[in-house]
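See below for the structure under consideration.
Rule-based calculations on the coordinates, nothing more; no lab input. This is a predicted model, so every value here is computed, not measured. Counting neighbours? That spans all protein chains shown, and the Cβs are built from the backbone with ideal geometry, glycine included.
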Amino acid sequence: MTLVHRSKTWADPDSAPTPDSSDLSPDTEPTESKSALASSKKRLEKEVQKLKHKDELRAHRSIFAMRRFLFPLGIFFGIMFAFAFVQPSDIQDMHAQLTLLMDQYDINLPQLPDFDFSRVEVEWKRIRSNIPEVWKFNTDGREFQVGESMKARGLTAKYPIVLIPGVISTGLESWSTSPDYRPFFREKMWGGLNMLSQVTFNREKWITAMMLDPVTGLDPQDAKIRAAEGINAASSFIQGYWIWSKIVENLAVVNYDTNNLYLAPYDWRLSYYNLEERDGYFSKLKTNIESFKKRQGKKTVIAAHSMGATVVLYFFKWVESPEHGGGGPDWVENHIEAYISIAGTHLGVSKAMAAFLSGEMKDTVQMNPAGSYVLERFFSRAERRKLFLTWAGSASMWIKGGDAIWGNSTWAPDDIEGSAHSHGELIAFRRPVLTEEDFKEDLRNMTSEQAGTWILEHTPSTFQKMMTTNYSFGIERDEDALARNDLDHTKWTNPLEVRLPNAPSMKFYCVYGHGKETERSYWYARGDYEFDESLADGLNPVCTDPDDPGCTSPRAALDMPLLRKNWIDAEYTDEITKPKVINGVKLGEGDGTVSLISLGAMCVEGWKRPRWNPAGINVTTIELPHRPIPGLPRGGANTSEHVDVLGSTALNEIIAKVATGAGDDIEENFVSNIREYARRIPWD
């Protein structure tokens, strides 16, 4: 818009100031002044008309051209998406949750007339009944079908069954009665819609409650969180996102109920040693299995998913140990009919390493820019890492076997032909992004063993101590040493350092998916120095005795940032090279979460050797191809993604057959090159 200088006008000519003769040139003519004013007036009038015309056009523009429709459309679809997960019984709960939230924040609204929510529930049932099953998020039309087909064959419940969930699958609820946490008493702090509410509105308290004491590995002061109990503890993560519910539904059709089916939830944050020390978890599990045997005269089938498979291996050694479970060397043989490992993290997962180093994984770096920005602002890498470092349970998924299993700087067993870069280098750096200081530090690409040492060097001493006193990640080939490890609980989470139980008649099924790109190794970048907020390695670190009233952790007098920032190089993507790189993550084979080597190498080679399987337990491997149905949120009947596989038809059939005594029908099935990869590993 053009700015025009205008002279001040006066309503009263007598009040106008008399111009100084020095301000007027001899050439000034009254007619020229009038002409200039007239010209300015016309220009202003034209500009006003243009602005009016634009306003008229804007007022008559289509709502679609103005994009005004996007906001109400977003609200509409948001409401529909939310209600897709709502069950009729949740209508009443919404009213209670709203009341609780208003009380918590002291929100006072005028008294409203009582509203009959039962009518809303009735109407919602009517609406839901007209929605095709395939379009519902929490159901897809396959409920109970596997169970019905087994029942039609005349199969019925034969063996009691125990289900053991994986990491983060079990809901956690608050039992703290301290004033700060009383509003959350018996509320879900992990899992359920209440968790989303706490993370959104009470983020700091939620993080404080979910963190464990870095020294003891137990509850922090005033906070007390325990695993939820019962089948609902891991049936669904939040309403509509099922976990074990499909399996429970199908087992119920063939006469399973709470008398012969037990879901064994646990606080997955705890180290396995503390699971027993604080919660008596393994003692309870042993008692339940013994109770099944006493009442029903049958041995038990165990089905464990993800990290739950590592929990079971630990339990087998714990229950045999005279210093722990005291069951004796034949307890597993006498009490366990079959063990089904579902997507087991037998040899660890790469994402555990990245999480402890930088608080990242494929799921976080491959978010869209807007989502990544929100996540970083709301829950930063540093905050996530700090939380992960207190969860000793997840450290059990640190990758195991070192370079012998995962490869060296030039080779890895699962490298594909034509690879430009080996997966054997778990953490690599692009030379163009390295600084002169990095070269002075002699920073190089690192194998799994080198990366493990390097990551530990970047963690607090409390975390290092926790790792040393709870876990071991090597490979043991000496049979005498393996026998001694039967009494060393730090070895029991590593299948390469302990033997399978003395249970020759137990059936062992390795079931996992294949066909979904999985994070296998990483490209990393480095940044500036930052303060290490843990203060664990200073001159006056956090006290080892948390009850010491003189416990202080002052910063050093010369307070300098000494911790170097490291993060996945999300700017680097190359989908043409082998292996494919997306946002700094080198992708390999697996089920989308766990690498193929971890899923299957022990099943097809390691446990075929008497060194690690002296009883000669028969291990049957079943690979399920990942064939999701486009358009279905969870993939449908033929998915084999790490979590969604729990709802697949093939897995449900396997579990139902084993539980009903038809396990002999199950045959090995391979869709990957795991046998070839496993043969490349130097086991001996």
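Couple of notes before you dig in:
- For the range 293-335, the list of GluC sites (Glu not before Pro) that fall in a loop by DSSP and count at most 14 other C-beta atoms within 10 angstrom reads GLU323.
- Order of ASP330, ASP591 - criterion: other Cβ atoms within 10 Å of each residue's Cβ, fewest first: ASP330, ASP591
- Placing R0 at 56 angstrom, the Cβ-Cβ distance between TYR241 and ARG679 gives a FRET efficiency of 0.90 after rounding to 0.05.
- The label-point distance for ASN259 and ASN334, in a model that sets each label 7 Å from Cα toward Cβ, rounds to 2.6 nm.
- Averaged over residues, the count of other Cβ atoms within 10 Å places the peptides 504-510, 491-497 in the sequence 491-497, 504-510, highest first.
- With R₀ set to 30 Å, the beta-carbon distance separating PHE379 from TRP411 gives a calculated FRET efficiency near 0.20.
- Computed extension gain for ASP213 through THR490, at 0.36 nm per residue and net of the alpha carbon distance, reaches 97.7 nm.
- In the structure shown, the pairs LYS507/LYS608; LYS284/LYS317; LYS246/LYS317; LYS386/LYS465; LYS516/LYS578; LYS224/LYS286 are assessed against 21 Å; a Cα-Cα span above that value is assigned to LYS246/LYS317; LYS224/LYS286.
- If you take all other residues with their beta carbon under 15 Å from the beta carbon of TRP190, and give Lys and Arg +1 and Asp and Glu -1, the sum is +3.
- Rounded if a/c under 1.5, otherwise prolate or oblate - the range 592-684, Cα gyration tensor axes: oblate
- FRET efficiency for the ARG431 to ASP363 pair, using the beta carbon distance and R₀ = 25 Å, is estimated at 0.35.
- Taking the number of Cβ atoms within 10 Å of each Cβ as an exposure proxy, the fewest-first ranking of ILE629, ILE674 is ILE629, ILE674.
- Dimensions of the range 165-231 based on its C-alpha atoms, expressed as ranges along the principal axes with the largest first, amount to 29, 27, 19 Å.
- Integer Hz, Karplus 6.51/-1.76/1.60 couplings in order for the range 286-302, x for Gly and Pro: 4, 4, 5, 5, 5, 5, 4, 5, 5, 7, 10, x, 10, 6, 9, 9, 10
- With the simple model of a label 7 Å out from the Cα in the direction of the Cβ, VAL199 to SER35 spans 7.4 nm.
- Seen from GLY328, the other residues with C-beta closer than 14 Å to its C-beta sum to a net charge of -4, counting Lys and Arg as +1 and Asp and Glu as -1.
- Distant-in-sequence amide contacts of SER640, defined by a placed amide H-H separation under 5 Å and a gap of 5 or more residues or a different chain, comprise ARG627.
- By the count of other C-beta atoms within 10 Å, a proxy for reagent exposure, ARG609, ARG226 are ordered fewest to most as ARG609, ARG226.
- Cβ-based net charge around GLU417, under 15 Å, with every Lys or Arg adding one and every Asp or Glu removing one: -1
- Listed by chain and number, the lysines whose C-alpha is less than 25 Å from the C-alpha of LYS46, apart from same-chain residues fewer than 8 away, are LYS8, LYS34, LYS54.
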